[in-house]
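As structure tokens, the structure follows; a few thoughts come after it.
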Amino acid sequence: MASNKVMALSSFPFNKYLETKFRTTPIGATAQTAPQDHSWTEDVVSYSGFQLWSATPRNKTEREFLLKIRQDYELEVWRESRSDNRPVDLLISPDFQTELKLRLADAQIPYEVKIADMQTEINNENPNITDSGTEFENRFSHKMDWNSYHRVDDIYGYLNYLADTYPRLVQLVSVGSSYEGRPLYVVRISSSSSGTKPAIWIDGGIHAREWISPAVATYIIQQLVEVADNERLLRNVDWYIMPVMNPDGYEYTHVNNRLWRKTRSMTGSRCRGADPNRNFGYQWGGKGTSRDKCSEIYHGSNAFSEPETRAVSNFISGKANQIQVYLTLHSYGQYLLIPWGYAVEYPADYNEMRDLAKAAASKFRRYKYTVGNSADLLYPAAGGSDDWAKSIGIKYSYTVELADTGRHGFILPASFIQPVCEDFFPALEVFVDKVATIKV
């Protein structure tokens, strides 16, 4: 979830460099570029030669040195930390690698190259996907599985299949439309039609490039609807699950730029989109956000400027008395994060929230999750969805940073989908047990 501004060439304005390069680079050809700043073009972006470095500052002096490096080169941060001996993950352009190796060596800051060639990693991430999927579709009337990452049409096709096949259990609700006109779907799963039971909300895909998030969200839907042994999770609790909150950005990562993060709205500049997780209306525009429209953490022109965040907030606000748990799925780092995120501040019921999160985290077997305040463990980030949900009275509001801890980062191979999903699902029983005791 961590992010910073796009990288730039120190000897030449990077935006102009990218614009010049993309005017002469055909689709599919290699181009040295960065995630967010090429958005005037629809060319396919190549990350050939880019590397992911993980540097570990051991004291305040080294942390400040890394901060200066990031600022000097406008490096994109994939993961950051406020503490000593915690790694900081940086996406490094091939233009800077030789120089940065020397600077880190001079400063004696240890680092590791996690990904030697980003484009190779991307090419190998999702090897099982096919365009047709006809055999699977003929057998099941949909193309979904959890052996590969799927595009928006596959996901929406599966949601429609469930609504048609299980009409007494599943209701597919369109809460609005994205900037590019895609429906924004929420799946309501309930064993009754009354709407009087307490509910759990789960969303995925706020940040477009975090593919494991929609995969886990759709897996949860599949388990709740199609696996009879999980019926107990529906007896006393309703579910609202939105697997892809940012469908425009998510689709763009499959077609044009695998590392795109934001929405795809026009901003009045050459750069498109806002960070939807800086666009919610609690402490909007505060720390960890940017006014720069080309920044990955651009907070939008105003709170809820994006149709996606506006639609979601309207829907949740109408059910705030019913929804008792808010879980927003992100990657990466393996954290269960507790508000507040806008600053190192703690809600009055922080200890209660922490105890529930720790109980949930204790269910994980394959992956170990760290529990704590998001601004303290990672960084301040105002305008987040979890802070907003907490602010309107949803008591148990959390951000979940899914696997892994940095070996693959956002480019988690599809072979990890099933293990991550299976490891996460049992933790939901902890939230169900808590919510089932609440009267609405």
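How about residue 60: which lysines have a C-alpha closer than 17 Å to its C-alpha, ignoring those fewer than 8 places off in the same chain?
68
Please turn the phi angles of the stretch 173-179 into ³J(HN,Hα) values with the Karplus equation 6.51 cos²θ - 1.76 cosθ + 1.60 (θ = phi - 60°), one per residue in order, whole Hz, x for glycine and proline.
Once θ is set to phi - 60°, the couplings for the stretch 173-179 become 10, 8, 8, x, 10, 6, 4 Hz.
Kirkwood hydrodynamic radius (Cα pairs, Å) of the stretch 267-418?
On the way: mean 1/r = 0.0619 Å⁻¹.
Computed over Cα pairs of the stretch 267-418, the Kirkwood hydrodynamic radius comes out at 16.2 Å.
Loop only by DSSP, 15 or fewer other Cβ within 10 Å of the Cβ. Give me the GluC sites (Glu not before Pro) in the stretch 269-358 that pass, ordered by residue number. Before the final figure, lay out the partial values.
On the way: sites: 296, 308, 345, 352; in loops: 296, 345.
Those that pass, being in a loop and sparsely packed, are 345.
For the chain, what does the relative contact order come out to in percent, with C-alpha contacts under 8 Å and a separation of six or more? Please report the intermediate quantities before stating the final value.
Values: 961 pairs, mean separation 73.7, N = 440.
Normalised by residue count, the contact order of the chain is 17 percent.
Please report the antiparallel percentage of the DSSP beta bridges confined to the stretch 279-420, to the nearest 5. Working shown, then result.
Working: 3 of 15 bridges.
Roughly 20 percent of the beta bridges in the stretch 279-420 run antiparallel, per DSSP.
Exactly which trypsin sites (Lys or Arg not before Pro) in the stretch 383-440 are in a DSSP loop and have at most 10 other Cβ atoms within 10 Å? It would help to have the intermediate numbers written out before the result.
Working: sites: 390, 395, 407, 434, 439; in loops: 395, 407, 439.
Answer in residue order: 439.
Quick one: which residues, 5 or more positions from residue 199 or on another chain, have an amide H under 5 Å from its amide H? H modelled 1.01 Å from N in the peptide plane, none for Pro or chain starts.
238, 323, 324, 325
Applying the Karplus parametrisation 6.51 cos²θ - 1.76 cosθ + 1.60 with θ = phi - 60° to the phi angles of the stretch 268-276, what ³J(HN,Hα) value in whole Hz is obtained for each residue in order, glycine and proline being reported as x?
3J(HN,Hα) across the stretch 268-276, in whole Hz: x, 10, 5, 9, 9, x, 10, 6, x.
Using Cα positions and a limit of under 17 Å, work out the aspartates and glutamates in reach of residue 293, with same-chain residues fewer than 8 apart set aside.
19, 37, 74, 76, 275, 306
Have a look at the DSSP beta bridges in the stretch 134-435 and tell me what percent are antiparallel, nearest 5. Before the final figure, lay out the partial values.
Values: 12 of 34 bridges.
Percent antiparallel among DSSP bridges in the stretch 134-435 is about 35.
Looking at this model, which pairs from 262/439; 114/363; 319/358; 262/368 are more than 31 angstrom apart at the alpha-carbon?
Details: 262/439 37 Å; 114/363 29 Å; 319/358 26 Å; 262/368 28 Å.
In this structure, 262/439 lie more than 31 Å apart at Cα.
Please list, in chain and number order, the residues 5+ apart from residue 396 or on another chain whose amide H is under 5 Å from its amide H, with Hs placed from the backbone.
Under 5 Å from the amide H of residue 396: 326.
Taking each pair of different alpha-carbon atoms in the stretch 220-277 once, compute 1/r for the pair, average those values, and report the inverse of that mean as the Kirkwood hydrodynamic radius in Å to one decimal. Show your work: numbers first, answer last.
On the way: mean 1/r = 0.0709 Å⁻¹.
About 14.1 Å, per the Kirkwood formula over Cα pairs.
Only one of the listed values, [x] 64, 51, 41; [y] 74, 58, 36; [z] 80, 50, 45, was derived from the coordinates as Cα extents along the principal axes in Å; which label is it?
[x]
Using a simple charge model, +1 on the beta-carbon of Lys and Arg, -1 on the beta-carbon of Asp and Glu, nothing else, what dipole does the chain show about its Cα centre, in debye to the nearest 20? Show your work: numbers first, answer last.
On the way: 48 positive and 53 negative charges, 178 e Å.
Once rounded to the nearest 20, the dipole reads 860 debye.
Tell me which trypsin sites (Lys or Arg not before Pro) from the stretch 286-368 have a DSSP coil assignment and no more than 12 other beta carbons within 10 Å of their own.
Details: sites: 287, 291, 293, 310, 319, 354, 358, 363, 365, 366, 368; in loops: 287, 291, 293, 319, 363, 365, 366, 368.
Qualifying residues, ordered by number: 291, 365, 366, 368.
Give the list, by residue number, of cysteines in the chain with no other Cys Cβ closer than 4.7 Å, or say none.
Result for the chain is 421, no neighbouring Cys Cβ within the cutoff.
Select from 217, 311, 351 the residue farthest towards the positive end of the dipole of the chain; place +1 on Cβ of Lys and Arg, -1 on Cβ of Asp and Glu, and compute about the Cα centre.
351
FYI, it's all coordinate maths here, none of it is from the lab. Treat the numbers as computed from the prediction; the structure is a model and nothing was measured. Cβ: placed from backbone, ideal geometry, glycine included. Neighbour counts: every protein chain shown.
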